[in-house]
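Report on the following structure.
The values are calculated or read from the model by the stated rules, or taken from the named source; none is laboratory data. What you see is a predicted model, and the numbers here were worked out from it, not measured in a lab. Positions of Cβ are generated from backbone atoms using ideal geometry, with glycine treated the same way; all protein chains shown enter the neighbour counts. These accessible areas exclude ligands, DNA and RNA; they are computed on the full protein's heavy atoms, side chains included. Shrake-Rupley method; radii C 1.70, N 1.55, O 1.52, S 1.80 Å.
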There are 2 protein chains.
Amino acid sequence: MDKQDRYASAGVDYDVLDRVKRLALAEAGRTGGLLSRLGMSEIPESRGETAYVVDAGDHYIATVLECLGTKSLVADAMRPHLGRSSYDRIAQDAVAAIVNDLVAVGATPLVVHAYFAVGASEWFADEERASDLVRGWARACLEAGASWGGGESPALGGIIRTDAIDLAGSAVGIVRPKSRLVTSDKLREGDAIVLLASTGIHTNGLSLARKLAAELPDGYLTPMEDGRYFGDALLDPAPLYSRVVEGAQQAGLEIHYMVHITGHGWRKLMRAPQDLTYLLEEVPTVPPVLEFICREGRIPEAEAYALFNMGAGFAIFLPPAQADELVRLASQQGVDALVAGRVIEGPRRVVIQPKGIEYSAEDLRIR
Amino acid sequence: MDKQDRYASAGVDYDVLDRVKRLALAEAGRTGGLLSRLGMSEIPESRGETAYVVDAGDHYIATVLECLGTKSLVADAMRPHLGRSSYDRIAQDAVAAIVNDLVAVGATPLVVHAYFAVGASEWFADEERASDLVRGWARACLEAGASWGGGESPALGGIIRTDAIDLAGSAVGIVRPKSRLVTSDKLREGDAIVLLASTGIHTNGLSLARKLAAELPDGYLTPMEDGRYFGDALLDPAPLYSRVVEGAQQAGLEIHYMVHITGHGWRKLMRAPQDLTYLLEEVPTVPPVLEFICREGRIPEAEAYALFNMGAGFAIFLPPAQADELVRLASQQGVDALVAGRVIEGPRRVVIQPKGIEYSAEDLRIR
């Protein structure tokens, strides 16, 4: 497929990755029954969602593991030009990737663990960079309301390139009261689609952005329209949407479904398995860095919305009468939100009306 | 210090790593109070233990994140000679590293997540290797009694070397009844020290083993005394001690403390902060692969016990009257165990009597 090709040429072959994911899902599926000896059970619908959910009696436990991706390479390349390591920014981005996945099932973050795997322990001898990373991670945990429980910082010579770092982490959250649990089965025709603004590329599409930088004469130092370096804008961290979700839950809003918009871009809006059509009647402003990538990379809009967040980092589906209240609550948390569309009867597809773009179920094969 | 030097020369500088760990512990310590908004609290003593523990009311929640280290490089090197990928074995090893850390605080494993980060998605196109990895991971989860909840398999070109994989994972467990919680404060003078047998090098000391292989004329293909290749024996996976711990808990044994013996070898036996002396009057049989490394690498015994598990992968401290029963229960689970010594009054140190070895508190700076 055309829209997969571009990713494949940037070193991310989603077909192969999706195949191993399906094998892993099948094998992992055989293990869920083990919980019964503890009087617990898994929520089968949560397999393949962003977080795995276990019924623990009077509450649910949600767990997730996520990674930053390759954004650290941009921070490394930009450091001499920015005069800062930016590891505080990418630490927040990593925590956001983890926590935004966790809250998408309705969980409140409890504990985050960090994985800082390096090619050689000398990585940590650079005290400014190491300190930015550690302090940025802690600050993001504080903002997400999660306790930073621990983690690992192994030196993996021969696996990780010298002077590179593989940033990842895990989190556990609690869903209490149990009515806060969000899986696809609450989603229904008529629900409003509220999109929460993104701040840039987040952690999705970095391989493509790096490929573009390699093709530009000035690379990461190419100025964008707003005067900022391309490489600097790539490092803007994602928001922690957890605060918006927690605020909406506390306000008693009936959240029917949530989607953390990452890999597969807006195609992820049809993540729920049922036959429903997602009609977007408005689109949010595209962050300058994504506009830049699309223009310089000559990426057609139909492909751009299939790959990037295009201004929408998180989607919340809820009864239309509550949509404006959600927008207000998000704004209180400093997050712009937009009532962008609604769920209507029809085949499983995403229709971006203002752009004349449509994605069918076959365009999203993540289950 | 001499015994640190050898590690440092193999690319693992524990001084630098310990420094960033201390910074991370300090920063992470500022986040624990966030749990109070959920009516929960952290167990402060669990910071710096193998798993982080949260008081969730009528039970505790324990969380951990761990990695395999560099053993996958041995599997890759041995594959042409063994005619098998061995990724089923190292998958078990990774799950054991995670789960054995988790159970050391008295937790029962609930959910494990997998992190399979590769240099290029083509890694997964090798179906035998990918399938061994996935199936081995699932089998180890089944044996540990944990549900495999999910995970990530990112392609991180530019960070991870092409054709290499960074294997890690996270787990969450439950401590219920709460009396099962094991932190250092139950440990006391008079406790018996029961050592559970290791099956080889486990995931600790691989950098050193790889360095030795590089120095040997036949490398990993050097035959050991029992006729096996050195590289083959390195791939023997660690046992899942979770079954022994769960058996001991169910039998009502009063476990006072547990230590997963990994980095820092037997020095870890004095992990608890209080002033107590750990007197080992017997030592278990050393696995052939560790004997081989010590002999070929000319590693003095005092250094070997400070670095490797030397036949003891896990230590359980409990009242002496219950020690034989624990040995019997372990044997039922196929794990050899040995009542190796006792906790006595004295300064914080480890005394390995049959070897004339002594480690003082200054030899272990992991908190």
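Data for the structure
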quantity	calculated
Under 19 Å from the residue B:274 label point (7 Å along Cα→beta-carbon), backbone N, region B:312-342	B:315-323, B:341-342
Nitroxide proxy distance, nm - points 7 Å out along Cα→Cβ at residue A:295 and residue B:250	6.6 nm
Relative contact order, percent, region B:44-197 [alpha-carbon distance under 8 Å, six or more residues apart]	35 percent
Per-residue ³J(HN,Hα) for region B:267-278, Karplus 6.51 cos²θ - 1.76 cosθ + 1.60, θ = phi - 60°, Hz, x for Gly and Pro	4, 5, 4, 9, 4, 4, x, 6, 7, 8, 9, 9
Exam field: residue B:217 pseudo-label spacings to other copies (7 Å along Cα-Cβ), nanometres	6.0
Solvent-accessible ranking of B:360, A:147, largest area first, probe 1.4 Å	B:360, A:147
Accessible area, probe 1.4 Å, largest first, for residues B:89, B:298	B:298, B:89
Per-bin percent of Cα-Cα distances, region B:239-286 [10 Å]	19, 45, 36, 1
Cα-based Lys proximity count in chain B, under 20 Å, for pairs eight or more positions apart or on separate chains	9
Distant alpha-carbon pairs in region B:184-363 (separation over 27 angstrom), percent	28 percent
Span per principal axis, largest first, for the Cα atoms of region B:206-289 (Å)	50, 30, 23
Shortest-first distances to equivalent copies, position residue A:254, nm, label 7 Å out along Cβ	5.5
Efficiency of FRET from Cβ geometry, residue A:185 and residue B:179, R₀ 56 Å, rounded to 0.05	0.90
Shortest-first distances to equivalent copies, position residue B:36, nm, label 7 Å out along Cβ	4.3
Residues whose placed amide H lies under 5 Å from that of residue A:318, excluding near-sequence neighbours	A:192, A:194, A:256
Per-residue average of Cβ from other chains inside 10 Å of A:164-174	6
Region A:31-180: C-alpha pair distances exceeding 24 Å, %	39 percent
Estimated D of chain B in µm² per second, where Rh is the Kirkwood radius over Cα pairs and Stokes-Einstein applies at 4 °C, 1.567 mPa s	62 µm²/s
More than 17 Å apart - percent of Cα-Cα pairs taken over region A:97-186	55 percent
Axis-proximal residue, chain B, for the rotation superposing B on A (Cβ, Å)	B:170, 2
Chain A - percent relative contact order, Cα under 8 Å, separation 6 or more	20 percent
Accessible surface buried once A binds B (1.4 Å probe; total of both sides; Å²)	6800 Å²
Per residue accessible area of region A:184-363, 1.4 Å probe, in Å²	37 Å²
From phi via Karplus (6.51, -1.76, 1.60), per-residue ³J(HN,Hα) for region B:73-80 in Hz, x at Gly/Pro	5, 5, 4, 4, 5, 8, 3, x
DSSP-defined beta bridges in the protein assembly as shown - what % are antiparallel, rounded to 5	80 percent
Region A:263-367 - percent of accessible surface contributed by carbon and sulfur, probe 1.4 Å	46 percent
Computed [θ] at 222 nm, deg cm²/dmol, the protein assembly as shown (DSSP H ≥ 4; -39,500 (n - 2.57); rounded to nearest 500)	-10000 deg cm²/dmol
Scattering curve values for the protein assembly as shown, log₁₀ I(q)/I(0), Debye with Cα scatterers, q = 0.06, 0.08 Å⁻¹	-0.34, -0.61
Along each principal axis, Cα extent of region A:153-251, largest first, Å	52, 40, 22
Accessible area in square angstrom per residue, region B:97-149, 1.4 angstrom probe	19 Å²
Positions from region B:107-143 whose accessible area shrinks by 30 Å² or more when the full protein complex is built, not the chain alone, probe 1.4 Å	B:110, B:111, B:113, B:115, B:121, B:124, B:134, B:135, B:138, B:142
Spin-label model distance (nm) - residue A:331 vs residue B:332, 7 Å beyond Cα toward Cβ	6.5 nm
Percent RCO, i.e. relative contact order, over region A:118-252, from Cα pairs under 8 Å lying at least 6 residues apart	25 percent
Segments A:97-103, B:160-166 sorted - mean Cβ within 10 Å per residue, highest first	A:97-103, B:160-166
